[in-house]
Amino acid sequence: MSESYTGEAYCVKCKEKRDFTGQVVVSASGRRMAQGICPVCGTKLNRILGKA
């Protein structure tokens, strides 16, 4: 079961911070990231959380 994340991230398309819910994944460089979808425009959001 993967970890979930609820918080805010900056949407590049809307140019505003948006609240979102997403999944926590580990990038190739070893960083934990929350990935989700912008509820307004549907663009993919990423927020770097820290090292795994």
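Evaluate the following for Gly50: is it at positive phi and in a strand (DSSP E or B)? Here the answer is yes, as Gly50 does meet what is asked. In the set (1) modelled with pLDDT under 95; (2) part of a strand (DSSP E or B); (3) on the phi < 0 side of the Ramachandran plot, Gln23 fails one condition alone, (1). Of all residues being part of a strand (DSSP E or B) and of a type in the set (A, V, I, L, M) in region 26-47, which is surrounded by the fewest Cβ atoms within 10 Å (Cβ to Cβ)? Just the residue, please. It comes out as Val26.
The values are calculated or read from the model by the stated rules, or taken from the named source; none is laboratory data. Everything numeric here is computed off the predicted structure, so don't read it as measured data. All Cβ positions, glycine included, derive from the backbone under ideal geometry; neighbour counts span all protein chains shown.
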